[in-house]
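What follows is a single structure, written as structure tokens, with notes after it.
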Amino acid sequence: MSDAVRDGTGLPAGAGMAEWRDRIGRSAEYLAIPLFALIVSAALFSLFLLALGQSPGQFFQLLWVGGYGTSFSWQNTLVRSAPLIFTALCVAIPAQLGLVIIGGEGALVLGGLAAAVIALPLAGTAPPAIVLFLMLVAAVGVGAVWIGLVGLLRYGRGVNETIASLLMFYIAISILNFVVEGPLRDPASPNKPSTASIGEANMIGNVPGIDVHWGLPIGILLCVLLYLLMSRTTFGFAARVTGGNVRAAQGQGLPVGKLVVAATAIAGGCAGLAGFFEVAAIHGKANASLIAGYGFSGILVSFLARHNPLAIPPVAILFGGIAAAGGLVQRRMGLPDATMVVLQGLIFVVLLASETLYGRFRIFGGKR
Amino acid sequence: MHDDTSRPGAAGRRTFLPKLGGSGSLGGAGGFSLDRRTLLKGAAAGALVAGAGLSGIRPARASGLTIGIVYVGPRDDYGWNQAHAVAAAALKQVPGVTVIEEENVPETIAVSKSMESMIELDGANLIFATSFGYYDPYMLEMAKKFPDVQFRHAAGLWTDAAPKNAGSYFCYLDQAHYVDGIAAGLASKAGKLGFVAAKPIPTVLLNINSFTLGAKSVNPDAKVQVVFTGEWSMPVREAEATNALIDAGAEVITCHVDSPKVVIETAERRGVMTCGHNASQADLAPKGFLTGAEYKWLTIYKEFADILTTGGTLPNFVRGGYDKDYVQNTAYGAASTDLIRAACEQAKAELRAGKVIYQGPMKDNTGKEVIPAGTEHDAYDVWLEQTSFLVDGVVGSTS
Amino acid sequence: MDPSQVATDLGWWSVPLAMFAGAIRVSTPFLFVSLGECLTEKSGRINLGLEGTLVFGAMTGYAVSYMTGSAWTGVLAAGIAGSLFGMLHAALCSLPKVNDIAVGIALMLFGVGLAFFFGKPFIQPTAPRLPSISLGEWSDISQVRVALEINPLFFIGAALAVAMWWAFRNTRAGLIVRTTGDSAAAARALGVSVLGVRFVATTIGGFMAGVGGSFLSLYYPGSWNEGLSSGQGLMAVALVIFARWNPLLCFVAALLFGAAGALGPALQSIGVSQGYHFFNAAPYVLTLLIMIVSSSKVRALRGAPGELSIVK
């Protein structure tokens, strides 16, 4: 993983002429190989459809129409992409240190719960801007603590972070269910256990002019900021050195423990933000609808973006589009909903296999 | 990813409602029948043959009506969604009506977008939202956004304050559970009954209570032990719960979970009697089956289809129980004696005539009076929809 | 009903009995997947995709059992389907620069997607199920008799655990797998094909995960639907780390996990219904706590294969 990680975050500033040429070559490589992999995936999926007696042409036409073909489709795609951006960051940032976190969904769920819980006593008394701000702080804070704890266990006790984050996801769900079915259950919503509503006034609303909430632009902004953090700061450099070789990093006196905890806390904060937007922009309360699988789709997005924060938004939009078009494919072609899962899995497999192509083509800057 | 986590699946997007369906249970009345083989064939054909007539970007809009139906789970889930899908198939028989369907749509913004997509891209002008969590805020927002489109939701949530182009349709399944309770109470010797339930929410509690009241009406000492699994679909835990209840002495098992198949089969293997839920599970338990509580959506969908073909407008609020033929009990299984059958038939007749199950004085299982003497709550009383207690005779707690 | 089936009132004793019975009933899929994963990881590779393999195996086993009328044919088909997924994982990971954890996650998605896609027509039918062996005829207590209705796969899994434990220590094949997992360079020096060993280990691991899946659909709970697995395949991967790559401990871990899962329903059945959320979370909390207690910052995990990416 470390190779991909280091390659994916670009070079330090101040590169010379030859390095610039190399950089352009690599950028072209980073575009060409994934594009090639997408074409191969599409070809394989076409074979799958043909074997089932279905029309690939119709399928891809519907994929286009449902995901990107109309202004409604675009808004549908973008609104589905927003949470994926945050949950992908939850995977991408620890990946810079060589950590694989798969339990971001837990931080999303608890972040959303925290946002609702803090808003409830304030709703109607405090100004909406303050309520929203506190919700944001609570969601990011709880998310950061939840995944930060995974980092702490990893560094402090050597507990495997992949497994720990997965176990903590199951625990997070129990906590959510306990809270919304027990102490904070809204008597007005008995059949779908939820917290009370945070109130219409405290909802964050949409970006003016389009039917997409603020999570999308803020997610993209966060990707840029975290890209800069990981590629242009001492912290990011130290993190990448640690990801490359822990012992070397320790040898150079880098504070590996702090780096691990900081990176996991940032990651958890990102997932917590996804929960914040789910509550503040969509549901208006916390309930089991928070467990929508965004955390797990985010793993996919992050790996496909090769853990590069700048590549996350386009990949998220690709997967948002596939999700958005799924309904149209079901309705027009009579295919089961699992069709889209098969397509996503296939793209994932082929793109990962294409990793092996990097550095093999002279045209992109030669054999490395 | 696997079903429990990545796909919102088990926890997130399940309806609170039971799911119904099952082989052939809804056949007959509408001239539409589904059995295992036709389903298999249909599914295979669906997977193998393209919907050739529906290609193209703009669908050929039917002259009048395009109906969009959204399901929370797979359409062939042996449960709730399948029952809707089967009943909806009756709508497809109506000339000039196009039915478009989408399955596995979670109770998130995805359902808003699915409805919107059906309207924007397929020209739907009537939407059936068949999962409880679709209503607020998703369906309500869509109803406000598209005032010319009709929206109907499968639960009793619509009020006058909601948009007039929205509405609800629902059936009182607890009446059929009451009949189940009578069968179970008569069948058991020691009066020990077991109930595997998903979550302690009003609809589930109401079914447990009606089942218990039915049992106590024929066996005043009957006790119903409840195990909540905490999830709508968690097959291994449902099997464990069934085994635990039987180990604790339960003689009859019934349930309120997404797919009762696992519970019924597990109990049958242990030689314990069962009552079904949502659909006919009679063939799953050839020895121990008594009867079961089933929805009868077909009645409502037929009514809607008739209204639509005659150019009328759909009512905003449709609900009922045995009185309107919206629920039914499964044909008696091998474990039902003549005595049981006679008692059940009598109860059904009384329910059709408007018998009120919830009559005071009534106590909950903590000894608190919940209905004072002289008060009664009939099936249409919204008081029942707020049920948060377990009646005397239930062993278990709502928290 | 048969009067001998009527349960005896055991009171509180029903809780430990239910946990014992639950341990045997619920543990088998965990056991097979964790043994398969143990073998794969011993060879120096991690396959996180066994959840997908398990679900696909469950669907294939059920479908084949339904179509052929033989449950054991279904088990075999599930194993073969699982080994195909194992081969795919191994082949992809043989390519340079391809990350095994990522491929696992991808195959999890792919396997689940394919299982749901092809599994639609098999949700309804009832397929022949695996038989069980009755060991409790000596007891008058029906709960004990039921607890001792044991599926042959449980015994096969237990025997496999012992056999693998023995083979890792005492056979040449075991030595080759361990060497490959501890140091690829050392294995090459012995003239062993590292990729070849990992290919075989991952394929067999996939076979076992597929069989584990067929237990779910063909024995307990015993039918195919999309909600069948509640993460057994993923948890089994966790159990391998928990079990320190020791097949015998995999067996113990699977039993513990099964027993913990039976606790919630058993307590409710005797009237303890408060806080069932936390009893249901018990297996996960327990696993996490044991991992925290037994891990250590300073020394590498005992028994951990040196080549394994997750322990580096």
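Rule-based calculations on the coordinates, nothing more; no lab input. The structure presented is a predicted model; accordingly, all values stated were derived computationally and were not measured. Backbone-built Cβ (ideal geometry, glycine too); neighbour counts: all protein chains shown.
Cross-link pairs exceeding 22 Å in C-alpha to C-alpha distance, out of A:Lys192/B:Lys192; B:Lys216/B:Lys363; B:Lys164/B:Lys324, comprise A:Lys192/B:Lys192; B:Lys164/B:Lys324. Take every pair of alpha-carbon atoms less than 8 Å apart whose residues are at least six positions apart; their mean separation over the length of region B:347-388 yields a relative contact order of 33 percent. Along each principal axis, taking the top coordinate minus the bottom one, the Cα set of region A:18-101 gives 48, 31, 28 Å in descending order. For B:Thr291, the residues whose amide H sits under 5 Å from its own are B:Gly276, B:Gly333, ignoring neighbours fewer than 5 places away on the same chain, with H placed 1.01 Å from N. Name the shape class, rounded, prolate or oblate, that the alpha-carbon gyration tensor gives for region C:114-237, where a ≥ b ≥ c are the square roots of its eigenvalues, rounded holds for a/c under 1.5, and otherwise prolate holds if a/b is larger than b/c and oblate otherwise. Oblate, because a/c is 1.5 or more while a/b does not exceed b/c. Could you check the spin-label model distance between A:Ser27 and A:Val40? Points 7 Å from the Cα along Cα→Cβ, value in nm. That separation, rounded to one decimal, is 2.5 nm. P(r) for region C:9-166, from all Cα pairs and a bin width of 10 Å, is 10, 30, 32, 20, 7, 1, 0 %, short bins first. Placing unit charges on the Cβ atoms only, positive for Lys and Arg and negative for Asp and Glu, gives the protein assembly as shown a dipole magnitude near 3440 debye about its Cα centre. Dividing the mean sequence gap of close Cα pairs (under 8 Å, 6+ apart) by how many residues chain A holds gives a relative contact order of 34 percent.
Working from Cα pairs under 8 Å separated by at least six residues, relative contact order for region B:116-174 is 31 percent. In this Cβ point-charge picture (+1 for Lys and Arg, -1 for Asp and Glu), chain C has a dipole of about 1160 debye about its Cα centre. For the segment A:181-194, counting C-beta atoms of other chains within 10 Å of every residue's C-beta and taking the mean gives 5.
Peptide C:279-285 shows a mean partner chain C-beta count of 6 within 10 Å per residue C-beta. With neighbour counts taken as other beta-carbon atoms within 10 Å, the residues A:Val109, B:Val327 rank, fewest first, as B:Val327, A:Val109.
Rounded to the nearest 10 degrees, the angle from helix C:71-94 to the longest Cα principal axis of chain C is 30 degrees.
Charge dipole (Cα centre; +1 on Lys/Arg Cβ, -1 on Asp/Glu Cβ; no other charges) of region B:222-276 amounts to roughly 100 debye. Hydrodynamic analysis of chain A uses the Kirkwood radius over alpha carbon pairs. Inserted into Stokes-Einstein at 25 °C and 0.890 mPa s, it gives a translational diffusion coefficient of 114 µm²/s.
The calculated FRET efficiency for the pair C:Ile292 and C:Ser193, based on their C-beta separation and a Förster distance of 35 Å, comes to about 0.35. Considering only B:Ile208, B:Trp232, B:Ile264, whose Cα is most displaced toward the positive end of the charge dipole of region B:200-316, charges sitting on Cβ of Lys, Arg (+1) and Asp, Glu (-1)? Going by the charge dipole, the pick is B:Ile208. Calculated on the Cα set of region B:256-347, radius of gyration then Dmax: 16.6, 53 Å.
Taking each DSSP H run with n ≥ 4 as -39500 (n - 2.57) and averaging over every residue of the protein assembly as shown yields -18000 deg cm²/dmol at 222 nm.
Neighbour counts of other Cβ atoms within 10 Å put A:Phe364, B:Phe228 in the fewest-to-most order A:Phe364, B:Phe228. Take the Cα of B:Ile307, go 7 Å toward its beta carbon, and the backbone nitrogen atoms of region B:159-176 under 19 Å from that spot belong to B:159-172.
Taken residue by residue and averaged, Cβ atoms of other chains lying within 10 Å of the Cβ of C:230-242 number 5. For C:Val240, what charge total do you get from the other residues with a beta carbon under 13 Å from its beta carbon, if Lys and Arg give +1 and Asp and Glu give -1? Summing Lys and Arg as +1 and Asp and Glu as -1 gives +1. Just to confirm my numbers, what's the Cα centroid distance between region A:187-239 and region A:262-289 in Å? Cα centres, region A:187-239 to region A:262-289: 7 Å.
Ordering B:Thr242, C:Gly205, B:Val94 by Cα displacement along the dipole of the protein assembly as shown toward the positive end leaves C:Gly205 in first place; charges were set at the Cβ atoms of Lys, Arg (+1) and Asp, Glu (-1). What does DSSP give for the protein assembly as shown in terms of the percent of beta bridges that are antiparallel, rounded to the nearest 5? If we restrict to bridges inside the protein assembly as shown, about 25 percent are antiparallel.
As I understand it, the value is the acute angle between the Cα axis of helix C:247-269 and the longest principal axis of the Cα atoms of chain C; what does it come to in degrees, rounded to 10? Here the helix axis deviates by roughly 30 degrees. Sorted on the mean count of surrounding Cβ atoms within 10 Å across their residues, most packed first, peptides B:387-394, C:79-86 read C:79-86, B:387-394. Applying the Karplus relation 6.51 cos²θ - 1.76 cosθ + 1.60 with θ = phi - 60° to region A:215-225 yields 3J(HN,Hα) values of x, 5, x, 5, x, 5, 4, 4, 4, 5, 4 Hz, where x marks Gly and Pro. Each residue of region B:348-364 is assigned a 3J(HN,Hα), and the resulting list reads 4, 4, 5, 5, 4, 7, x, 4, 9, 7, 9, 10, x, x, 9, 10, 8 Hz, derived from the Karplus form 6.51 cos²θ - 1.76 cosθ + 1.60 (θ = phi - 60°), x at Gly and Pro.
Ranked by the mean number of other Cβ atoms within 10 Å of their residues, highest first, the peptides A:310-317, A:333-340, A:79-86 fall in the order A:79-86, A:310-317, A:333-340.
Phi-derived couplings, Karplus 6.51 cos²θ - 1.76 cosθ + 1.60 at θ = phi - 60°, listed residue by residue for region B:324-339: 10, 6, 8, 10, 7, 10, 4, 3, 4, x, 4, 7, 7, 7, 4, 4 Hz, with x used for Gly and Pro. Packing order of peptides C:230-243, B:293-306, highest average first: C:230-243, B:293-306 (average count of other Cβ atoms within 10 Å over each peptide's residues). On the principal axes of its alpha-carbon atoms, the protein assembly as shown has extents of 91, 72, 59 Å, going from largest to smallest. Between the Cα long axis of helix C:232-242 and the first principal axis of chain C there is an angle of about 60°, rounded to the nearest 10. Under a 5 Å amide H cut-off, with hydrogens placed 1.01 Å from N, B:Leu390 pairs with B:Asn365 among residues at least 5 apart or on other chains. For B:Thr159 and B:Thr375, the FRET efficiency from 1/(1 + (r/R0)^6), where r spans their Cβ atoms and R0 equals 30 Å, is about 0.80.
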